[in-house]
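Data first, discussion second: the structure below is written as structure tokens.
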Amino acid sequence: MTITSGKFETSRATKSGLSLLLAVFFFPAPLLCQNTASSPSTILQDGKTVYASNCSGCHGADTFGTDHAPKLSGNPDVRRRSVEQLRNLIESGIPAGGMPAFALPQPQLDAVAAFVHSLNSPASQTLVAGDAAAGGQFFWGEGNCGSCHMVHGQGSSQAPDLSDVGSRMTAEEIHNVLLHPDQHITAGYGLVTVTLRNGQTLRGFARGRTNFDLQLQDLDGAFHLLQSHDIGTIADDSHSLMKPLNAPPDQIQNLIAYLAPMAGVEPGALKAPNAQYASQPQDVAFSRILDPQPGDWPTYNGKLDGNRYSSLTQINASNVKELVLKWIFPMPHFGLESTPIVVDGVMYLSGNNQAYAIDALTGGQIWKYSRPPTPGLVGDASVGTNRGVAVLGDKIFVVTDNAHLLALNRVTGSLVWEVVMPEEKEHYGSTVSPLIVHDTVIAGVSGGDWGMRGFIACYKAATGELVWRHWTLPAKGEPGIETWGKEPLLSGGSTWLTGTYDKETDTLYWATGNPWPDRDDRDRPGDNLFTDCILALNPHTGALKWYFQFTPHDTADRDATEPPVLIDTEYRGQPRKLLLHADRNGFFYVLDRTNGEVLLAKTFLHRVNWATGIGPGGRPQLAAQPATASSRERGCPDNAANWSSTAFNPTTRLYYLMTLEDCHAIEPPNSQKASEDAPGERYMRAIDIDSGEVAWEIPQTGPVILKTWSGVLATAGGVVFYGDPNGAFVAVDDHKGKTLWHFDTNVGMKASPMTYAVDGKQFVAVAAGSTFLCFGLPSP
């Protein structure tokens, strides 16, 4: 039998044996077990026998071809053909190509077509002989495969994850890898032995390599980020770390049967991880997130308190003018809002449905995870905004545009588990950088401006099992429902900004968005709890401890999803646990975070006309507007503050943030009146937390490229970094706001900066447009 390229006709007659064969190939495995006519193993074995008798002379006994006919394994032309097409081709032959017709009995034609098809189809889509259960026992037992490989969250990350091996490889390819691993080394897993100039020897996988640097993963899974001046010699090893499998044929076949169905991770929580491989040397303990090691930036704001204030001082007010660009890392998504995190010299980045691990010294890529944008989304979700990842143990956590939460292996970048956060299909998205608290990962959702009901969800980091869900809008019969009227239409309350955590009181704080429809309040009388709030929650149960609502009955889209910053300091003569918050409604708040008591509330803008102040209990004192007042005169401010990061310096006692002096038109429902479009004025401001007064400000002159803006980073070196909305990255003196340095990016900056240190060198990183930028002092 010789199969070559050529046109052929598909027979119109589908015989009973072939119908069985197609059912075997295109229906799930449980259905196969109901068919007693022929088992998958029998069909394939019969096909292999027919092949050996009729086809091996031309195509080779190993199916890899001879001088007389092409190979059938790994043949793209054969791979494109269905089982039915292959059967008809074998029966009819290709006379012009030298392949005769084979007048075989129908069962033999069915069987040999199934066998040939299996040589090219992904293993997960083919019939694979063997006992999968016995193969699994061998994988996790005698074979000790789990000591290197991971499958569906169990095992080790020392070698490539095999959770999707059945979708990437044919059964024959899996067989060949098991017997000849040296011929099938996965990209990024080539073994090298490195001798450093200090005499140390390292052996492991070259996960990334250029003429100037090497990202080495050692055999314990830890990364060594090496530069050319560190390296004496590099010796490449042509052999795989994996040894050829020395086992009886039936045991090998059973192992293939176990691996073949591995087609990837499906949404849903994992079973309990394999205790044998539960701990890895490269794991990041929660204690390292709670109290970061010097130089690490292990969570979205650097620390769980939400205050982007770094104790690093190598870059300071006296030398910041010397900063130079160290590296760039482009990402295919414009308008990045992500903040990198750094642990053990590895930086983790994210964008729309994608995450990367890179060398924090050079920007060299170690691994990448990505999936296409989800079609059919609206609002924020359709834009694909993503603000960063979280890390705990051996996992990286990131949300997708359609509100799925993913856990990726920190060493390999492979998907470990995936959960769908919403309970129902509404206009949900997610833009948040997840937050780690104890052994859980917590995330929120966006979409409040498209009619969904907001929530915060908490999952076990190890498995993705839901621990609790806290809805930001009350259900029927729950406290707060009375604030929505007699027939409530509950929508809004997004949770799309990362919360903060107080370890001393063991309290989680999360901000909520506006009610919906935002400007049409006809069907939502009352305060509309718990929109525009700070929620203080029990992190173990999600139960509400207390709340504070900044803008009751919001009709101007003044959500409270601005950073809640936690500090401990002496305030008005006594030690206090404070929560600092500059709200979109134009007022700066200092709250006692143990109970929500308002200690200070003062406007930080010049243009505020919707309220005259904040009353003693924290309720806004609404301004009485004359009937002749224009719509814009009733609409100040518009986005006084935003989601971008803020920072508090305990030395200066100043709170730094970017602000907007602007008003918007508030029109009645269904109004056709055109809104004014006067340009806003943007300022970098420092607020004295004791008085609430603005200590200094920097006008951001020039045309505004983007409607939003970058966040703020403060350091113990006396420097405040921020992104000018007009396209510059800027460093200023933290006492007076004097500009010390700037770098022209010439693109709109929407992300918040961070700082970290590797090998005793401090760096500052920020996203600008579609690129991550890293700055540092010149090398000596």
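Cross-link reach is defined here as a Cα-Cα straight distance under 20 Å, omitting same-chain residues fewer than 8 places apart; for LYS486 the aspartates and glutamates meeting it are GLU478, ASP518, ASP520, ASP521, ASP523, ASP527, ASP554. In terms of its C-alpha gyration tensor, region 136-251 has a prolate overall shape, because the principal axis ratio a/c (a ≥ b ≥ c, square roots of the eigenvalues) is not below 1.5 and a/b outweighs b/c.
Compute the long axis of helix 106-118 from its Cα atoms, compare it with the longest principal axis of the Cα atoms of the chain, and write down the angle in degrees, 0 to 90, nearest 10. Approximately 40 degrees, to the nearest 10.
For LYS750, the lysines whose Cα comes closer than 21 Å to its Cα, not counting residues fewer than 8 places off in the same chain, are LYS303, LYS326, LYS707. Of the chymotrypsin sites (Phe, Trp or Tyr not before Pro) found in region 130-222, those in coil by DSSP whose Cβ has at most 15 other Cβ atoms within 10 Å are PHE212. For VAL320, the shell of other residues with beta-carbons less than 12 Å away shows a net charge of -1, using +1 for Lys and Arg and -1 for Asp and Glu. Each of GLN215, GLY635, ILE252 was scored by the projection of its Cα onto the charge dipole of the chain, and the greatest displacement toward the positive side belongs to ILE252; charges sit on the C-beta of Lys, Arg, Asp and Glu. Applying the criteria of a DSSP loop state and at most 10 other Cβ atoms within 10 Å to the trypsin sites (Lys or Arg not before Pro) of region 550-589 yields ARG572. Taking every C-alpha pair closer than 8 Å and separated by at least 6 residues, the mean separation divided by the residue count of region 207-264 gives a relative contact order of 17 percent.
Pairs LYS395/LYS761; LYS503/LYS577; LYS425/LYS476; LYS736/LYS761; LYS321/LYS736: which are spaced more than 19 Å apart, C-alpha to C-alpha?
Correct reply: LYS395/LYS761; LYS425/LYS476; LYS736/LYS761.
Across the chain, the mean sequence separation of Cα contacts (distance under 8 Å, 6 or more residues apart), normalised by length, yields a relative contact order of 9 percent.
Sparsely packed loop sites in region 417-497 (the trypsin sites (Lys or Arg not before Pro) outside DSSP H, G, I, E and B with at most 12 other Cβ atoms within 10 Å) comprise LYS425, LYS476, LYS486.
For the chain, what is the accessible area per residue in Å², given a 1.4 Å probe and the full set of protein chains? Working shown, then result.
Values: 31270 Å² over 780 residues.
Dividing the accessible area of the chain by its residue count gives 40 Å².
In the chain, excluding the sites themselves, the longest stretch lacking any of the GluC sites (Glu not before Pro) that are in a DSSP loop with at most 13 other Cβ atoms within 10 Å is 143-422. Helix 40-54 and the longest principal axis of the Cα set of the chain meet at an angle near 50°.
Quick check of the Kirkwood formula: for region 470-602, what is the inverse mean of 1/r over all pairs of different Cα atoms, in Å?
For region 470-602, the Kirkwood estimate is 15.1 Å.
Across the accessible surface of region 387-474, with the other protein chains kept in place and a 1.4 Å probe, carbon and sulfur atoms take up 50 percent.
Pairing the Cα long axis of helix 16-26 with the longest principal axis of the chain, what angle in degrees results, from 0 to 90 and rounded to the nearest 10? Approximately 30 degrees, to the nearest 10.
Using Cα pairs under 8 angstrom and six or more residues apart, how large is the relative contact order of region 267-407, in percent?
22
For the chain, a crude dipole built from +1 on the beta carbon of Lys and Arg and -1 on the beta carbon of Asp and Glu, taken about the Cα centre, is about 500 debye to the nearest 20. Legend: translational diffusion of region 435-478 by Stokes-Einstein, Rh = Kirkwood radius over C-alpha pairs, 10 °C, 1.306 mPa s; D = 137 µm²/s.
The values are calculated or read from the model by the stated rules, or taken from the named source; none is laboratory data. Model, not experiment: these values are computed from the prediction. For neighbour counting, all protein chains shown are included, and Cβ atoms are generated from backbone atoms with ideal geometry for every residue, glycine included. Just so you know, the surface numbers come from the protein's heavy atoms only, side chains and all, with ligands and any DNA or RNA stripped out. Shrake-Rupley method; radii C 1.70, N 1.55, O 1.52, S 1.80 Å.
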